[in-house]
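Peer 1: Sharing a structure here in structure tokens format.
The values are calculated or read from the model by the stated rules, or taken from the named source; none is laboratory data. If you're wondering where the values come from, they're calculated on a predicted model, not measured in any experiment. Ideal geometry is used to build each Cβ from the backbone, glycine not excepted, and the neighbour counts take in all protein chains shown. Side chains are part of the model used for accessible areas, which takes the heavy atoms of the whole protein and leaves out ligands, DNA and RNA. Shrake-Rupley method; radii C 1.70, N 1.55, O 1.52, S 1.80 Å.
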Amino acid sequence: MSAPFDTTALSPLKENMKKAYDSVAPLYNEWTRSTHLIRIHYIKKLLEHLPASPDLLTILEAGCGAGDPITSLLGQATDPKTGQPRFKVIANDISTSQLEMAAARLSEFKDRVEFRGGDMMALSCADASLDAVVGMYSFIHLPREEQIVFLRRVYAWLKPGGWFLGNFSVQELESAFDERWLGCGVDGGVMFWSGWGAEKTCEILGEIGFEIVVQETVKDSEEDNGKSIEVPFIWVLGRKKN
Ligand SMILES: C[S@@+](CC[C@H](N)C(=O)[O-])C[C@H]1O[C@@H](n2cnc3c(N)ncnc32)[C@H](O)[C@@H]1O
């Protein structure tokens, strides 16, 4: 399990985010099940590009949630020729509840999963040490200026030719707060989202140096107060140039 992390170091925005996911985690994980196939579609695209290797490849998953389905899928992945495990996963999340669920789900692969609890902005990895970085529905919770800082760090942490997969809001959104989202306010939680919009996000990734290999908008069907609504996300698969 993840070592306990210092929550006193969190900004009020991040502390409220942590409280929000700590209280809604079980409900969120049920609510979002209908979009698992989208996550699986994109992780498969990433895996197609990762090289076969006799050594474990290292993947950072930022905001891994309860590990369902992606961290779990990475933990289970084996090389089709040798049957050997393919990945070591560094699994990060700010929510203790999410991490506890992920640790239970991934207990079988615990020797290949390193949990690092806390704000992804507090992560540090050695330069050119990672084969891939993944973040699904998690960068949208960083203030958008932080998204740029984090993506720059990701670029530095990736090995030359390493891969990035993530999704972002299609609409430009400086900041949105909601303490009622899935009832997240019960223990003082406040949900927060932010984004640059599809065009500018891709521009930022390009300026950082990523070669964008896939850039697609997919609409999620979400249940919102008993109604079904469509929410678009931009999915980006990018590569650090050699
Ligand atoms: C919408 S959920 C997505 C979880 C998972 N990636 C998935 O696809 O289901 C967002 C996750 O990001 C985490 N999160 C939000 N802000 C974070 C931050 N600053 N650092 C690390 N994790 C964060 C939340 O705790 C939550 O588990």
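Peer 1: Can you tell me the relative contact order of the chain? Whole percent, Cα pairs under 8 Å, sequence separation 6 or more.
Peer 2: 21 percent
Peer 1: Then there is this: Charges on Cβ only, +1 for Lys and Arg, -1 for Asp and Glu, centred on the Cα centroid of the range 9-240; of Leu13, Met136, Ile90, which one is farthest towards the dipole's positive end?
Peer 2: Ile90
Peer 1: Name the residue, out of Ser194, Ser97, Ser228, whose mean-square fluctuation peaks in a Gaussian network model built on the chain with Cα pairs under 10 Å.
Peer 2: Largest GNM mean-square fluctuation: Ser228.
Peer 1: Also, quick follow-up: Using only Cα atoms, locate the centre of the range 23-83 and the centre of the range 131-177, then give the distance between them in Å, rounded to an integer.
Peer 2: Going from one Cα centre to the other spans 17 Å.
Peer 1: For the range 9-240, what % of the accessible area comes from carbon and sulfur atoms, probe 1.4 Å?
Peer 2: 50 percent
Peer 1: List every residue whose amide H lies under 5 Å from the amide H of Asp220, counting only residues 5 or more places away in sequence or on a different chain, with H placed 1.01 Å from N in the peptide plane.
Peer 2: Val231, Phe233
Peer 1: 5 Å is the cut-off here: which amide hydrogens, built 1.01 Å from N in the peptide plane, fall below it relative to Val113, excluding neighbours closer than 5 in sequence?
Peer 2: Val89
Peer 1: Something else: Taking amide hydrogens as modeled 1.01 Å from N in the peptide plane, which residues meet the under 5 Å criterion relative to Phe164, leaving out close sequence neighbours?
Peer 2: Residues meeting the criterion, in which the H sits 1.01 Å from N, are Val133, Gly238, Arg239, Lys240.
Peer 1: Once you've got the Cα coordinates, tell me which of Lys88/Lys241; Lys45/Lys227; Lys81/Lys219 are over 27 Å apart.
Peer 2: From the list (Lys88/Lys241; Lys45/Lys227; Lys81/Lys219), the Cα-Cα distance tops 27 Å for Lys45/Lys227; Lys81/Lys219.
Peer 1: Springs between alpha-carbon pairs under 10 angstrom, Gaussian network model over the chain: which of Lys14, Lys81, Lys45 fluctuates most?
Peer 2: In this elastic network of the chain, the residue with the biggest mean-square fluctuation among Lys14, Lys81, Lys45 is Lys81.
Peer 1: Can you tell me what percent of all Cα-Cα pairs in the range 59-126 are more than 19 Å apart?
Peer 2: That tail contains 28 percent of the Cα-Cα pairs.
Peer 1: Take the Cβ-Cβ distance between Lys81 and Glu223 as r, set R0 to 51 Å, and report the resulting FRET efficiency rounded to the nearest 0.05.
Peer 2: Given R0 = 51 Å and the Cβ-Cβ separation, E is 0.75.
Peer 1: Find the Rg to Rh ratio for the range 8-85, where Rh is the Kirkwood radius over alpha-carbon pairs and Rg uses the same atoms.
Peer 2: 1.07
Peer 1: Grab the DSSP H runs of the chain that are 4 residues or longer, score each as -39,500 (n - 2.57), total them, divide by all residues and round the 222 nm result to the nearest 500 deg cm²/dmol.
Peer 2: -10000 deg cm²/dmol
Peer 1: Report the charge-dipole magnitude of the range 9-240 in Debye, nearest 20, computed about the Cα centre from +1 at each Lys and Arg Cβ and -1 at each Asp and Glu Cβ.
Peer 2: My answer is approximately 620 debye.
Peer 1: For Leu27 and Leu56, calculate 0.36 nm times their separation in residues minus their Cα-Cα distance, and state this gained length in nm to one decimal.
Peer 2: Taking 0.36 nm per residue and subtracting the Cα distance, the gain is 7.1 nm.
Peer 1: Looking at the range 155-186, which chymotrypsin sites (Phe, Trp or Tyr not before Pro) are DSSP coil and have at most 16 other C-beta atoms within 10 Å of their C-beta?
Peer 2: Listed in order of number, the matching sites amount to none.
Peer 1: Classify the range 199-240 from the C-alpha gyration tensor, please: rounded if a/c falls under 1.5, else prolate or oblate depending on whether a/b exceeds b/c.
Peer 2: In terms of gyration-tensor shape, prolate.
Peer 1: Net charge near Glu199, counting Lys/Arg +1 and Asp/Glu -1 over other residues with Cβ under 13 Å of its Cβ?
Peer 2: -2
Peer 1: ³J(HN,Hα) across the range 141-147 via Karplus (A = 6.51, B = -1.76, C = 1.60, θ = phi - 60°), whole Hz, x for Gly/Pro?
Peer 2: 9, 8, x, 5, 5, 5, 4
Peer 1: If the chain between Ala176 and His41 were fully stretched, how many nm would it gain, using 0.36 nm times the residue separation less the Cα-Cα distance?
Peer 2: Contour length minus Cα-Cα distance gives 45.8 nm.
Peer 1: Sticking with this structure for a sec: Using bins 10 angstrom wide from zero, how does P(r) for the range 9-240 break down, in % of all Cα pairs?
Peer 2: 8, 34, 40, 17, 2, 0
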